[in-house]
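The values are calculated or read from the model by the stated rules, or taken from the named source; none is laboratory data. Remember, it's a predicted structure, so these values are computed and weren't measured experimentally. For accessibility, only protein heavy atoms count, side chains too; no ligands or nucleic acids. Shrake-Rupley method; radii C 1.70, N 1.55, O 1.52, S 1.80 Å.
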Amino acid sequence: MKYFLIICISLGLLLQTFSKSLIVLQFRAQQSFIAQVLCENRNKPEMHCNGKCYLKKKLDRDASQDKNSNSNKERYEVMFVNALPERLTAPSAAPVAHIVFYADPFVETPIHTIFHPPQSLS
């Protein structure tokens, strides 16, 4: 049951995403039928429409459905307000000054000479 639900949701998302491609594929598969029966310009062969008017109507209808579905979505506005109460942000204790003396036991004096690689004897 779980996999059936996942497959149905996935198919729904894919069909919605590729709806224009599916409309064009359906048109290509049934182009001769559409040109002979459903085309508005089937009585005007000089226009060479071949059902493209029907395809355009279908694509326009799909685009308007996409537009309507996008306009119906709710929009939320998120706003950040930094309004914490003063008692939560105030320090709970008085600041204390700490003086720390640190002596590194591994401090060495810097070498001021420049390293020269050994010279060849030739």
A 1.4 Å probe over the protein heavy atoms gives segment 27-69 a carbon and sulfur accessible-area percentage of 50
Can you list the lysines whose alpha carbon sits under 19 Å from that of Lys44, skipping same-chain ones fewer than 8 residues off?
Lys52, Lys56, Lys57
Send over a whole-number figure in Å² for the accessible area per residue of segment 27-69, probe 1.4 Å.
76
